[in-house]
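Computed from the coordinates by the stated procedures, all read-outs in this text should not be read as laboratory data. Computed from a predicted model, the values in this text were never measured in an experiment. Methodologically, a virtual Cβ is constructed for each residue, glycine included, from the backbone with ideal geometry; neighbour enumeration extends over all protein chains shown.
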Amino acid sequence: MRTYNKSLLAMALITAIGMAGCSGDDGTDGEDGAPGTPGEPGTPTLPVTGVSEVTNVEYITHLVEEGLVTVEFSLTDEDGTAIIGLENASIYLAAMTDSGIQRSRDGSVGGKATAGGDEPTEGASITEVDDGQYTFVAPMAAVQADTEGLIRLQVGGGDIASSPYIIIDKPEMTHTSTTETCYSCHVDYATSDIKHSKYVALNTAGEVDFVGGCMVCHNNIARGQDETGEYDETGGYAKNTMQKLGHINHQKFEKDFTPTNCYSCHAEPVINTSIAGNGCSDCHTSDASAAAIVQATGDFDAREFHAKSTLIGIDERDVIRANHYTTTGTPYFNPTMDEWIDHKDVAWTSGYCVDIALFDNSGETPVQLNIGEMYAAHEVTYGGAYINNYHNDSIVARVISHGTEGYIEQADGSRSVCYGVLTEGYELANLSASSRITIADTNWEDSDGEFGVSFTNYSDVVDPINFEKVQDWGRRHDVAGDTCTTCHNNDTNYHKNGGYRDGGLDCVACHNNGQDRRAAYSAPGFGPMVHSMHWGIGNALSGAKVDEETGENLVNSAASLNADNCVSCHADGVSLADVPNQYMLSKAYNEGNAGVMTSPITANCFACHNSDQALNHMGQNGGELNVPTTVGWFTEGTSESCATCHDTGKSFGIDKFHNFDRTL
């Protein structure tokens, strides 16, 4: 039988055809055929999912009818994929009434409806009109076609993650306090573990509507009570109205906050102008004399009324501050003085002095005032100065003894604050002075310098031998100027004539690297002390809040704020690399026993992170806590390397674990 290699035969055939094709010209192309029949349009298939970790709601529209609220919306997951199979949704409507926002528990005003879940509302339904697009029909017996109100929607449950609460409708001028004013203290409330944080709502644009979300439950109308005083299902939803939360409950903020500084919360004039109406009645009776005050003012703005009230004094203090300023001369030595007597009744004929002056700048040209005369007339309640050692842009010692000053009134109205001697070792560093002058207002009280309008100032820096200028005074101060006054809003003082302006810069006169204070055993210096007093061990040691029965200290109101939100004070963030490499004296961390110092970043972090594990980590990276001091302690560098890993922007930067950005 003859066999053939089929591959070779095929190749020979192809070659022959190719050679034949090359031997002549192509023929003429034929005519195009008739167009074919178009095919049916294709239907694109978009991806869908019935499971989500994040549920995004895109509000489309809603309709309020008699006894019914209908909402249309679409859903996507964290990847933008349409969510199908929604079974759970809820909607709440707090109606706008003549008395304000109201949602009764018995359903007589406003209402709520739920589809799915354990207790679905009869007649409520969810219809999926397309992949990821839904219509939610919510029966509400009390709702009419002309009902206006706050409408809050939430969807999800089970495999579909619950969405945020969303305010899909809100009448104009429902409230004049705003998310921005609330968040100035309650930064990013939704991210905290504070009570009701999960109820923070968004608007349809995805922005936080803090007040609107609260008012769905905390209406303008309080929950009703029966004849025995027991709460029933009538009235509003919650016992605490929204205005009571602001006006009454905030009075529990115990230190230099006043709810009568209405501008702190109300970005616009308040809606109610009736003394018997919402808000006013929380604090005021509605007698004829009170009502006459409101009526007499015509175009009444409660914010301005309270600020200008002499009983409150906010406007008065603001005017005093705006119309005055002080100056502080550099320290100098006067070897030949007329005999003067210090506050310990010691006579001197020489002294180390600082000249302070007070000016009225309410007119076109500043006018120097006479401190001595104003002091005698009790118009100035304090006017003093301290001399400090200054090194590496830090106060490292107070070089005078308490109570050894004397006041010498000068003919031009200035005051020389003099000391007979400076403390031993003062010549080891340059010198600067800090001064304070306090002007009494109508509401001044004699209480450890807590009242009045105080001005703190710092002098230029001089050398300790010839008292010649070395540099301007300055320090690293990563705190925004309005940080403290945002919450401590009555413009008085914490104590010792030290106020809250300029981000607490007044406090630095006493709470600094070198003035070794106990600070209620909270923490040393300025930054560590502030951290501790607000969110560390000092929170319960400050003495600002005391149990009325036992007299024991209680945690103060800062415990109600989210400690992670460092942006509350550090609006521009923090650079650990810029922290001066300089110890601070730290007997506050050593049960009040002096002779120890702590490295600066450790001092700040340990104020809140004070576990053995945290301290061990700091120590492994060069941090030091309560090591013995030396004569030149303020000239010695530390071995801290915290910024290497934890500086802002680093892989383990503090910004990864603390919040330095506001959402608003």
remark   = Between ASP448 and THR28, the two model label points (7 Å from Cα along the beta-carbon direction) sit apart by a distance in nm of 11.4
request  = Just flag the trypsin sites (Lys or Arg not before Pro) in segment 216-256 sitting in loop per DSSP whose Cβ has no more than 14 other Cβ atoms within 10 Å.
outcome  = LYS239
ask   = Where in segment 443-470 is the amide nitrogen less than 14 Å from a point lying 7 Å along the Cα-to-Cβ axis of THR635?
value = 464
note = The answer for GluC sites (Glu not before Pro) in segment 330-410 that fall in a DSSP coil and have at most 10 neighbouring Cβ atoms within 10 Å is GLU339, GLU364
ask   = Magnitude of the Cβ-charge dipole of the chain, K/R +1 and D/E -1, about the Cα centre, nearest 20 debye?
value = 1600
key: Residue-span extension gain [GLU254 to ASP572] - 0.36 nm each, minus C-alpha spacing   = 111.7 nm
note = The distance between the Cα centres of segment 70-145 and segment 421-455, in whole Å, is 61
key: Gyration tensor (Cα) of the chain, equivalent ellipsoid semi-axes in angstrom   = 65, 42, 23
inquiry  = Let's see if you can work this out: charge +1 on each Lys and Arg Cβ, -1 on each Asp and Glu Cβ, no other charges. What is the dipole magnitude of segment 63-222 about its Cα centre, in debye to the nearest 20?
reply    = 700
query = Applying the Karplus parametrisation 6.51 cos²θ - 1.76 cosθ + 1.60 with θ = phi - 60° to the phi angles of segment 88-103, what ³J(HN,Hα) value in whole Hz is obtained for each residue in order, glycine and proline being reported as x?
reply = 10, 7, 9, 9, 10, 10, 9, 7, 7, 10, 5, 9, x, 6, 8, 9
remark   = For ASP345, placing the label point 7 angstrom along Cα-to-beta-carbon and taking segment 390-429, residues whose amide nitrogen sits under 19 Å are 402-407, 420
task = Could you list, in their original order, any pairs among LYS195/LYS252; LYS112/LYS198; LYS195/LYS244; LYS587/LYS656; LYS112/LYS170 whose Cα atoms are separated by more than 20 Å?
result = LYS587/LYS656
inquiry  = At 0.36 nm per residue, and after removing the present C-alpha to C-alpha distance, how many nm does the segment from ALA377 to ASP98 gain when stretched out fully?
reply    = 95.1 nm
task = Would you kindly state how much longer the chain becomes between ASP661 and LYS239 on full extension, computed as 0.36 nm times their sequence separation minus their alpha carbon distance, in nm to one decimal?
result = 148.5 nm
inquiry  = If neighbour count is taken as other Cβ atoms inside 10 Å, put ASP209, ASP159 in order from fewest to most.
reply    = ASP159, ASP209
key: Least to most buried among THR260, THR81 (fewest other Cβ within 10 Å first)   = THR81, THR260
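Counting chymotrypsin sites (Phe, Trp or Tyr not before Pro) as exposed when in a DSSP loop with at most 11 other beta carbons within 10 Å, what is the longest stretch of the chain free of them?
That gives 5-651 as the longest site-free run.
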message = Please state the shape class of segment 182-258: rounded when a/c is under 1.5, otherwise prolate if a/b exceeds b/c and oblate if not, all from the C-alpha gyration tensor.
response = oblate
query = Mind listing which trypsin sites (Lys or Arg not before Pro) in segment 70-114 are in a DSSP loop and have 11 or fewer other Cβ atoms within 10 Å?
reply = none
request  = Starting from the Cα of SER274, step 7 Å toward the Cβ, then list every residue of segment 79-103 with an amide N under 17 Å from that point.
outcome  = 96-102
query = Quick one: Karplus J couplings for segment 227-243, per residue in order, coefficients 6.51, -1.76, 1.60, θ = phi - 60°, nearest Hz, x for Gly and Pro?
reply = 5, 8, x, 6, 6, 10, 9, 8, x, x, 7, 10, 5, 8, 6, 4, 5
ask   = Which shape class, rounded, prolate or oblate, goes with segment 408-545 when its Cα gyration tensor gives a ≥ b ≥ c as root eigenvalues, a/c under 1.5 marks rounded, and past that a/b bigger than b/c marks prolate?
value = oblate
query = Put a dot 7 Å past each Cα toward the Cβ at THR228 and GLN144; how far apart are the dots in nm?
reply = 3.5
DSSP H segments from the chain that extend 18 Å or more along their own axis, Cα-based, with Kyte-Doolittle mean of -1.0 or above = 6-21
Simple label model, 7 Å out from Cα along Cβ direction - ILE84 to CYS645, nm = 4.9
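Which value in deg cm²/dmol, rounded to the nearest 500, describes the helix-derived mean residue ellipticity at 222 nm for the chain, given -39,500 (n - 2.57) per DSSP H run of n ≥ 4 and division by the residue count?
Helix contribution divided over all residues of the chain: -4000 deg cm²/dmol.
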Which of LEU422, TYR458, TYR375, positive extreme of dipole for segment 364-511 (C-beta unit charges) = LEU422
Charge dipole (debye, nearest 20) of segment 516-664; +1 at Cβ of Lys and Arg, -1 at Cβ of Asp and Glu = 160
ask   = Among rounded, prolate and oblate, which fits segment 516-664 when a ≥ b ≥ c are the square roots of the eigenvalues of its C-alpha gyration tensor, a/c under 1.5 means rounded, and a/b larger than b/c means prolate?
value = oblate
message = With a cut-off of 8 Å between alpha carbons and a minimum separation of six or more residues, what is the relative contact order of segment 367-423 in percent?
response = 34
